[in-house]
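Enquirer: The structure that follows is given in the form of structure tokens.
The values are calculated or read from the model by the stated rules, or taken from the named source; none is laboratory data. Just so it is clear, the model here is predicted, and its values are computed rather than measured. Every residue, glycine among them, receives a Cβ derived from its backbone with ideal geometry; neighbour counts consider all protein chains shown.
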Amino acid sequence: MRHDGREIGKLQSTLIPPVGENLILAGRRWRVDDIIALAKSVYVSPAKGGKAPVFRGQAGEIHTRVAEEMAAILADSDEPAFLNNDAKLLLKAARETALRSGLLARGYIVRAESIQWFPWLGTRGLLTLELHAACDGLEVIRDELSITYKKIETGRLRKYLESIASGNRTALELAQRMGIKVFDKFDDTLMEDLLDEANARDRLDLPGAKLRSEQMFQVINQVA
């Protein structure tokens, strides 16, 4: 990580947020301005105000099956016998929030200037949706369970979902848009075109993103 011509610290590639997002490093808040993956360089500038900084822990990928089980638990009413009282209260609160927000019925939450979608996909599926959004010029924020589309109306979101469902983009086209391409040992020794092919195969979930987009498109049409 570099600022003003000097190194301010180091992070694993998997912990670096996309350009435009914030992180905390060396006790300060920074905005990611540019990422040069092959040079292993990230250029940042001091962040002022705005949304809370993103700090990504060292947890591994989330599989889609895990995300689907989370949704099933929220929709259920049973209390697992192994939960203690505090865990039962947290589960109850999560279920009530999901119900009140309409999350379980629609799968998304409409806010003042954004739409937050919970497609119940794993890490690879969410990244795939984010890259599709980059292709369509949409500004998004992706976290572990959802993707938020900023300053968007349902009409434009519908077109975005329709374009994903059409399957016109290949995994390789999406991988070429990844800001961080180096993940594994010796990745930095590969040419960028080989990295794109490897990431298209190992880091994305095109079928999952396509299926969820088709489902979400149908939901939005029904609401409309």
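Enquirer: Take the residues of region 110-126 that are at pLDDT below 95 and part of a loop (DSSP other than H, G, I, E, B): which is surrounded by the most Cβ atoms within 10 Å (Cβ to Cβ)?
Expert: In this case the residue turns out to be 111.
Enquirer: Then there's this: Is it the case, given these coordinates, that residue 204 is buried (at least 18 other Cβ atoms within 10 Å of the Cβ), closer than 22 Å to residue 19 by Cβ and assigned by TED's automatic domain parsing to the domain that holds residue 129?
Expert: yes
Enquirer: Residues in region 199-214: is at least one at negative phi, more than 18 Å from the chain's Cα centre (by Cα) and of a type outside the set (D, E, K, R)?
Expert: no
Enquirer: Residue 8 - would you say it is touching a Phe, Trp or Tyr at 6+ places or on another chain (Cβ under 9 Å) and modelled with pLDDT of 90 or more?
Expert: No: the conditions fail for residue 8.
Enquirer: Now, a different point. Taking residue 148, is it closer than 17 Å to residue 217 by Cβ, β-branched (Val, Ile, Thr) and surrounded by 16 or more Cβ atoms within 10 Å (Cβ to Cβ)?
Expert: Values: closer than 17 Å to residue 217 by Cβ: no; β-branched (Val, Ile, Thr): yes; surrounded by 16 or more Cβ atoms within 10 Å (Cβ to Cβ): yes.
So residue 148 does not fit the description; no.
Enquirer: Here is a further query. With the requirement that a residue be out of contact with any Pro (no Cβ under 9 Å at 6 or more places or on another chain) and in a loop (DSSP other than H, G, I, E, B), what does region 71-109 give you?
Expert: 76, 77, 78, 79, 80, 81, 82, 83, 84, 102
Enquirer: Does residue 206 satisfy the condition of being over 25 Å from residue 41 (Cβ atoms) and out of contact with any Asp or Glu (no Cβ under 7 Å at 6 or more places or on another chain)?
Expert: Yes.
Enquirer: Output the number of residues of region 162-188 satisfying the condition of being part of a loop (DSSP other than H, G, I, E, B), farther than 23 Å from residue 40 by Cα and either touching a residue at least 24 places away in the same chain (Cβ under 8 Å) or among the acidic types (Asp, Glu) (or both).
Expert: Of the residues in that region, 3 qualify.
Enquirer: Tally the residues that are of a type outside the set (Lys, Arg), in contact with a Leu (Cβ under 7 Å, 6 or more places away or on another chain) and within 17 Å of residue 145 (Cβ to Cβ), restricting the search to region 79-109.
Expert: The qualifying residues number 5.
Enquirer: Filter region 155-174 for residues that are out of contact with any strand residue (DSSP E or B) (no Cβ under 7 Å at 6 or more places or on another chain) and closer than 17 Å to residue 107 by Cβ and give the result.
Expert: 158, 160, 161, 162, 164, 165
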